[in-house]
Structures are given as structure tokens and as C-alpha cells.
Amino acid sequence: MTGTLLFFGGLAALALWWLSRQGLGTKPWLETGALGDVPVRGTPVPAAKIGLGMFMAVVAMLLVLLLSAYSMRMEMADWNPPPQPALLWANTTVLVLASVALHRAVRAVRRGRRDAAASALLVGGGASILFVLGQLLAWRELAGAGYLPANNPADAFYYLITALHGLHLVGGLVALGRTGTKLRRAPLVRLQLSLELCASYWHFLLAAWIVLFFTLAFSPPLDWLVALCTAPLR
Amino acid sequence: MSELAHGAGGPIPAAEVPEMELPHPHGWWTTYVFSQDAKVIGIQYSLTALAIGMVALVLSWLMRLQLGFPGIFSFIDPHAYYQFITMHGMIMVVYLLTALFLGGFGNYLIPLMVGARDMVFPFVNMLSYWIYLLAVLVLVASFFVPGGPTGAGWTLYPPQAILSGTPGRDWGIVLMLLSLCLFIVGFTMGGLNYVVTVLQARTRGMTLMRMPLTVWGIFTATVMALLAFPALFVGAVMMLLDRLLGTSFFMPTLVEMGQQLRYGGGSPILFQHLFWFFGHPEVYIVALPAFGIVSDLISTHARRNIFGYRMMVWAIVIIGALSFVVWAHHMYVSGMNPWFGFFFATTTLIIAIPTAIKVYNWLLTLWRGNIHLNVPMLFALGFIVTFVNGGLTGLFLGNVVVDVPLSDTMFVVAHFHMVMGVAPVMVIFGGIYHWYPKITGRMLDDTMGKVHFWVTFLGAYAIFFPMHYLGLLGVPRRYHEIGETSFVPASAQDLNAFISVVALVVGAAQMLFLFNLFWSLRYGKDSGPNPWRATTLEWQTPETPPGHGNWGRELPVVYRWAYDYAVPGAEQDFVPQNQPLPAPTHIAKGEATA
Amino acid sequence: MTAALIFVLVAVGSVVFHLLSPWWWTPIASNWDYIDATITITFWITGVVFVAVVLFMAYCVFRFRAKVGGRAAYEPENKRLEVWLTVATALGVAAMLAPGLFVWSRYISVPADATEIEVVGQQWRWSYRLPGADGRLGAVETRLISPDNPLGLVPNDTAGQDDIIIEAEDLHLPIGRPVKVLLRSIDVLHDFYVPEFRAKMDMIPGSVTYFWFTPTRTGTFDVLCAELCGSGHAVMRGRVVVQTEAEYQAWLEGQRSFAQLAERR
């Protein structure tokens, strides 16, 4: 759980930093008046972006908890992880591609070029579908080699972690599809917001995947942190 | 301080906040059923939670019948008893308390109290309710499947939860885990709404430090819930896989009734960590909204500003943050690394300090107040007594070595019922009596309310206070009968019978409450827009009950904090938050001399 | 007025109940009277706080009840008072935590001369294993559990040959000798709970947990299971008999070791 605590600590620090700028030390009973200059919001960030940010924090918590569970289990003696199919490297590349494509789609729509945005979105969506298919192929490869979920916890963790990540990507594809329907007619501002949301989510899922992949392939990068933090207890 | 001058200016135009596009209902179906109005969703949440709560109440009667009069009710065998405790616990904690405080009170009050027209994502908000309802229905369905609901205890500890020695192992546990996953998905949708609404949709002038503590409590609790529920989600999914696919996340090598099972290599204690990483914040997810609401009830009905508002806000935030680093105090005797005991006992007892500050400030709000003993105020007082009692026994259980003899005894049962059963429920009742006039335009009947309060408060206290002593005696929890022992005297059984009788009476009193809810809808006194003469925005709506969009044509502008009661120099003993009265000059002077 | 009175009665009634209650912890039979002392300290501190809070609240309800034309005092906060209360609370908390942590450090440091014994939990009975003449417990493996080898001892481990196996019988312990109880479960969670010993700990299948204590009083004590373990949880009972050294040795003579049991089969 050390990883989880570190992650939570980071979030808490962020929240406290934000709170510290909200005038929590003021004495509100003295401040009667309309506060015409009160920054109700510093920059008018659309609610959807804040909502997505919160959602990504929740998903990140979910994945961090999984990784914590993974590393807790890893410390036990009979840890025996499955080999990582080479396909995963290809999949990672494809996901990077999807992320880049969506980034380009945002840039295109910012310049008002719907066509360029459409093709970039298509590439992004296609690459994402390819990633999901690639992940399924990797499952098949592993299962074919006899690494089944019921065999041992390490195998089960592999399937669970990749499945949860994949499901979140599939959910994102639904949103991406809806954005696709807006390409032609929706006002540019709206389209831009939708695309920006999709792109951030994809970058997030890419970052999450890289952490997950490296954890699965090379044992947790958190390992040394955990060791450091629990050293005084040993 | 410099802002003081602004008060003198003329009224400030309100329309700077962009109008929301509200999905206005067309016809009955979208007004009352598939409504996207947070107020309707709040009522739907509350009614569903109360309905499933009734199921849990009946289950508690059955349990008490068995404990008070063992052997008389032959249909309550150990199987059934374990199913009752499990379903009672899970329903009360998750499907009643969490859903009612956040889904019910949160939906109804947040937009009104911060001066918003609605939640920021109304469609997602509606979806949240329907998924919650689905979760409740899946849970209820488990009563009707072969083998019945799970009897694994609300903690659902593996390996026991999915092995055949536990009732409901075939279907009950699967439906329970599915239902929890659904609940979490639905809650996340609602929770994102509550948080973003507080962050983004506050009306002009509503700074964070002008928000009522109710909003602070619900807001902080929601943030916590968003971060804590994933732990339960992960645990539930992993256990589902263990049960259905034969994985071994939580299942070590084991021999069940002489049979070697196919499981191997899992860690049961891993589940406990995940469960309590959710489970302990969950306590405060229920407590913080209660803290917030009770602060507003006390302040309004004592006609006095909440004492130490800033401390109250800081305490809520600090408690929220600390509650994530105390989870393992539920696991002192779980066999985890014993050195963790030092850390978790210390963090746990540190939480007592901000919590105590909140209690002091409630008391100091009463001190030199002008206390109206209305029904909501009575419930708030009942909350203080039961919460302080339950909080103090928490100091026993949080202090690692004291927990050793008391853990898993009736002392624990008494403690958590007092602190997170009775106390929050007191606040829920108080809140309902307080806001019912806003929701319906009518007052709940006062006499029925007072009877309801005294029977519930004194009864609940008489149930759970003596129960601690059964625990001291050593009576373990989750026993359907004590049976023959050398250390439990026969008189303990008399105490059990007494508790059971009182429990039936208290349960019956809730029927009076339900009757009052429906009776007053029709025959209650007309309340007017602001019967309690309260300052907060929800009482200042142009219509009562508020219409869709809450505020008519213009959003309110907020000129002051939520607690301007008994302001020296003001005409009345309360100044609504949206009243642009120039600040009475002697406040500033009075503060300067103080 | 009435309300205030009732709240006073709740506080006073709680104290009276506490003083007159016939329900109190069982007489202790182990060295953990520290734990009882810590509970007593906690009772005093929390009791005083509880009574003070409720009485103060009742007083406010009585003294500051609404009067016609009455108005509350205006005082948004009082920093000095709040700081003072915080410090007092912190001191009270420290007064409970310090002895608690002190006793906990004893609880988890097992004396070097403690005899290791093993308790094995399974649905829904207790079995025990004593180390035999060599003073060591042999290795075990859950996979090896079978009707012939109910505790799963590794057959070729020499340390295990003289281990005494006690199934479906009372556990006997000599008085005055510290015992380190190793706890093992072969199916679900259990918890070896003897109220008179105060100490307890969960048993986790797949790992071995422990606690230690020294029996200080002879007699026969009930063993219960304190962690929900399925529908037979409440009937998972056993007994511990604490005896003088001589009686204990006499009992030990009659017990069979793993090797003897294997021969008989």
C-alpha cells in the first residue's frame, strides 16, 4: 500500500495547495459585501474539463491500488510472473500513435480545419482499436502458452490489469465515436472541447499504460520506493 | 478587510454567470421519473435509500429476536442469522447512509446552497440514480436466488466469503459483489457532479469560505468517496474473479472440510487492506456530511453563528485527509506486521483532536445562544450525545493494545452503531425535519416529531450503551447465540432480551416517522418560504418548493457568509446571504475591540 | 427544561449503570493486566469527558433556551479558547496513547524463553501441536493435509517426528511459563480467543501469526472463535486447561507424537 499512500499524498498535496489559494484563512464574517472582484473562477475552465480531471484522478487511484496489490503479492516467496509477449511493445507503439493523432486533431481544430481534424481523429480511433485487438492477441498468445488466470496470482494479475486498462480505453472510444458525429455540424468551440477532452484522456491512458506495462514487464518501479519507506520497519 | 467597503454599493448585476442550458422536462415522465433536475434526483435517491433502509431495519428486528430470545424463532438458524447481519450491515452503510447523505442531501442541497441552477452534468446525474437503483435491485434480488444472500459478514472477508461453509456462497456473494460494483460506478457519476458543481457553479460572491458547512461536509466526503471507493471496486472485482474464474488473488492453498481445493498462492490479508482502505474513509464519508448538516441545524435553531467557522472548515479538511492513513486500525489483530500498530494507533488517535474541536464548537455555538428546541434541534442534540459517546469508545478501539481484548466483541458492535449508526441517522432525521418544508412547502407535524425523537434517541441509547458491557464481558460479535460458556453469566441473557425489546420499540417509532412524512404532505401546516428564518440560500428561492432551475430569472448574488445570526445592529436576528444590506459598522468595531 | 433534565439523566444514568453493572470483564488469567490497566485509564478519561460534554450541553439548553425578544450573543470565534481546548485534548489523547503504545511494544516482543506451541484452526474445531522433546516444531505444508496427516506435517522433517498432536481435545498449559502461540489456519480466517487471557490474534490461511502470554492462574478456560468463519462460527469451541508443572507433565505423558500416530496407522 506504500505506492497508494504516496499517490494519495500527492493528490492531497495538490488539493491542499489549491485550498491554500482559496482564502481559507480569511474571516468571512468580516467580509460583508459583494466581492465584485472575487475570482469565482480564476480562468473559466469548462466544467467538463474539471470533471474529466477528477475522473482521471479516480481511475488513477484504481490503477494505483491494483499496482499496490500487485506489489504486495509480489513480495511473497512463490512469485512467478508470466513472460511478457513481444507484441506488447508493438501495442505500446500503436497507443503512442493514437495519442499523437488525437493531439494533432486538437491542433487542427484549433486552427479551424475540420478535415484535418477528421482524418487525425480517424487515425487515433483506428490505432486505439488496433491496440485493443493487439492486447487481445497478447492474451491469446499467453493463454496458448498455458498461462491462464486460474494458474497463479501473477498470471491473473496480468489479465486483470490489462483488462481494466483496455475497458477504460473502450469507454473512451465510445466518447471518441460521439465526437466523430460532431465533426461536420457542431460549432467549432464544442468540437474543440470534445476533442481536447478525448486527447487528455488518451494521454492519460497512455501514461497509465506505460506505468502498467513497465510494472508488469520489469517489476514495479515502485519497488525501491517501497523498500526505502519500509526500511525503518525492518 | 478591504472588501468591507463594497457592501455600501448598489445592487450588483447577477447575470454574469452564464445561463446553463437546462434540459427542461416535457411531460410527466421526464418531470418525475427520468428527471434531470437535481432536486427530483435527490428525492428519488432519498426515497430509494429509505425504502431499502426499511429492509435493513426489519433484518435488525429479526437479528434482535434471535439474540434476545434464542431458540424460540426456529426459522432463524445460523445460516439465516449470518445472512441477516450481512445484508443489514451492507445496506445500512452503503446503500442507506452513503446514498442518502451524498445522493439525497447532496443532490437536493448543493445546487441550492451554492446558488446554482442545477448540477453541472444533469444527464450523468440522472444516470447515477438509475444505476444506484439497479444496484439496489440486484442486491434485493439476492434474497430470492437459490441459497439466499451472502452471509459472509459485511466485511466479506475471503476465503470464507466464497467457500461453501458460508451461506449464499453460490449466488448471494456474486450478486453482492456485482451490486457493489454497480453502486460504485453510479456513485462515481454522481460524485463527479457534486464536486464539479461546488468547484464551478457557485454563484457570484459565493467564496469557499461563505459556503454553509453542509456543503463543505458533503463536498469533502464526496472527494474522499471518489478516492476510496476504487479500493472496494478493485477488491470486489478480484473476489468475483476468484469466485467465478477460479483465480487466486485472495485464496491461499487450503483444505476445506478435508478436501484440497484448487486455489493457491493468494493473500487473504490483501483483501482486508483493500477493504479497509475503502472502509475507514467510508466512516468519515458518512460522518462529514453529518458534521456539516448538524452544524447548520445547531446554528439555525440556536440563532447564533456557528462558533469557530474557520476551525470547522479546517477540521473537515484535516479529518478527510487523515482518514486515509488510519485504515489498518481495523486490522490490529488481523496478523499484519505488528509494527504497523504504532503508526496506525497514533494517526487514529490524532484524528480525535480535530473531531473533538468540532464537538467543542457545537457546544460553544449553543453557549449564549437563543435555543429553539424545534425537532431538528432536538435531533442535533441527540447527535451530539450519541456521537460523543461513540467517538469516545473509538479511543478504546483505536488504541492498539486496548483493541486486542475488545476487537470482535459486542463492544465493537456497540461502538460503531453509536458512532456511525445512531449518530448519522439522528442527523438524517434532523435534516429531513429541517428541509421538508422547503421540499414540500409544508411542515412536518411537531408532536409526532417530538415523540419520534425521544423514543428514537432514548431507545437507541438504551440499546447500544449497555451493549458495550456485553463486549467487556467478552461476548463475541456475530454469534447467533452465546451458548454455554463459563464466563458469561445468565444475567447477560436478560440484558440481551431487554435490548431486543427496546429495539422493537425503536423500530416501531420509525413507522410513526414514515406516517408523518405522508400525512404532513397533505395535512401539514403551510410553511412559507423560510419557516426557520434561516440565512442560507436554499431558503431564499423565489418559489417554495423551488422550480426547475431554482432561481427564476436571475441567480442570487451572495453578500455575506452563511451564519449572520444575531448580528448586532441588524433589524432581525438573521441576515440572509443574498441580502445586500450595508455592513453594520459596529461589527468591524466590535471585532477590533474584542 | 424537560429536555435539559432528560439529557442530565442520560449522563447520570450512564455513570450509575457503569458503577452498578454486574457485567464486567472476566478475572484475568494471564500476564496482560497491563491491558486492563490501560482500559481503566481510558475509561476514566473518556468518562469524564462524556459526562462533562453532556452536562454542559444540558446546561446550555436550559440556560439559553429561547425567550421572547431574546437574542444570541455575537461571537464568531475565540482563538484563545479554541487553542486552549485543542491543547487540552491533545494532552488527554497523549495520556491514553502513551501507555497504549508502551504496552503494545511489550505485546509484540516475545520473550526469548517462551515455549512455541501451535494452534490450528479449521471449520469448526481447534487442534494443537506441541514441540516435543527437541523443543522445535517441525515444518508443515497445507498441501500435505490428509486424513492420515491432519495437520500437514512434512513426514521427512526430523524436527516434526516428536511433535505432540492434539486433536479434538483440550489444550493443557503449565502455569507461569511464557508461551508463544503460533496460529495457523487451513481453510478460512479464525481467531483463537480466550477471554481470560486478553490476548488474541487472527489466523490467516497461508501464513502463520502469533501472540504470546504467560498463564498466571490455573483452571479451565473456554476457547472461542472471534473471527467469522462460516455458519459454525459460534460453535467452534475448545478448552484450555492451565495446570501446575507436575500435573502438566503427567498429562503430557499420555499424549502421542506424530511418529507414534503414524506408526499406529
Residue in the stretch B:170-191 that is touching a helix residue (DSSP H, G or I) at 6+ places or on another chain (Cβ under 9 Å), assigned to a loop (DSSP other than H, G, I, E, B) and in contact (Cβ under 8 Å) with a residue 24 or more places away in the chain present: yes
Test set (1) part of a loop (DSSP other than H, G, I, E, B); (2) open to solvent by less than 20 Å² (accessible area, probe 1.4 Å) - B:Val488 fails condition number: (2)
Verdict on C:Thr218 being open to solvent by 10 Å² or more (accessible area, probe 1.4 Å) and among the hydroxyl-bearing types (Ser, Thr, Tyr): yes
Residue match in the stretch A:151-162 (condition: crowded, with 20+ Cβ neighbours inside 10 Å and not in a helix (DSSP H, G or I)): yes
Criterion: surrounded by 15 or more Cβ atoms within 10 Å (Cβ to Cβ) and under 13 Å from B:Tyr436 (Cα atoms) - qualifying residue of B:Trp551, B:Trp539, B:Trp561: B:Trp539
Qualifying residue in the stretch B:391-400 (condition: touching a strand residue (DSSP E or B) at 6+ places or on another chain (Cβ under 7 Å) and at the interface with chain C (Cβ under 10 Å from one of its Cβ atoms)): no
Tally of residues being part of a helix (DSSP H, G or I) and in contact (Cβ under 8 Å) with a residue 40 or more places away in the chain across the stretch B:391-400: 6
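Residues are listed down the side, and each one gets a yes or a no for (1) open to solvent by less than 40 Å² (accessible area, probe 1.4 Å); (2) over 26 Å from C:Ala250 (Cα atoms); (3) without any contact (Cβ under 8 Å) to a residue 60 or more places away in the chain:
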{"position": "C:Ala114", "(1), (2), (3)": "yes, no, no"}
{"position": "C:Asp134", "(1), (2), (3)": "no, no, yes"}
{"position": "C:Leu137", "(1), (2), (3)": "yes, no, yes"}
{"position": "C:Thr142", "(1), (2), (3)": "yes, yes, no"}
{"position": "C:Ile186", "(1), (2), (3)": "yes, yes, no"}
{"position": "C:Met201", "(1), (2), (3)": "yes, yes, yes"}
{"position": "C:Thr209", "(1), (2), (3)": "yes, yes, yes"}
So B:Gly153, is it open to solvent by 30 Å² or more (accessible area, probe 1.4 Å) and either assigned to a loop (DSSP other than H, G, I, E, B) or closer than 22 Å to B:Leu22 by Cβ (or both): no
Test: A:Phe214 is at pLDDT below 90, open to solvent by 50 Å² or more (accessible area, probe 1.4 Å) and under 17 Å from the mean Cα position of the chain (by Cα): yes
Of all residues making up the stretch B:317-346, the number that are at the interface with chain C (Cβ under 9 Å from one of its Cβ atoms), modelled with pLDDT of 90 or more and open to solvent by 20 Å² or more (accessible area, probe 1.4 Å): 2
Conditions (1) more than 10 Å from every other protein chain (Cβ to nearest Cβ); (2) aliphatic (A, V, I, L, M); (3) open to solvent by 10 Å² or more (accessible area, probe 1.4 Å); number of the one not met by B:Leu199: (1)
Members of the stretch B:26-53 found to be modelled with pLDDT of 95 or more and open to solvent by 50 Å² or more (accessible area, probe 1.4 Å), listed by number: B:Ile43, B:Leu47, B:Ala51
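Condition check ((1) at the interface with chain C (Cβ under 9 Å from one of its Cβ atoms); (2) in contact with a strand residue (DSSP E or B) (Cβ under 8 Å, 6 or more places away or on another chain); (3) at pLDDT 95 or above; (4) over 30 Å from B:Gly217 (Cβ atoms)) across all residues:
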| residue | (1), (2), (3), (4) |
| --- | --- |
| B:Ala152 | yes, no, no, yes |
| B:Pro159 | yes, no, no, yes |
| B:Pro167 | yes, no, no, yes |
| B:Ile173 | no, no, yes, yes |
| B:Met176 | no, no, yes, no |
| B:Ser179 | no, no, yes, no |
| B:Phe183 | no, no, yes, no |
| B:Gly186 | no, no, yes, no |
| B:Gly191 | no, no, yes, no |
Answer from A:Ala120, A:Ala77 - the residue that is open to solvent by less than 80 Å² (accessible area, probe 1.4 Å) and among the hydrophobic types (A, V, I, L, M, F, W, C): A:Ala120
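The values are calculated or read from the model by the stated rules, or taken from the named source; none is laboratory data. Quantities reported herein were computed from a predicted structural model and do not represent experimental measurements. Cβ sites come from the backbone with ideal geometry, for glycine too, and all protein chains shown count toward neighbours. All accessible areas refer to the heavy atoms of the entire protein, side chains included, with ligands and DNA or RNA removed. Shrake-Rupley method; radii C 1.70, N 1.55, O 1.52, S 1.80 Å.
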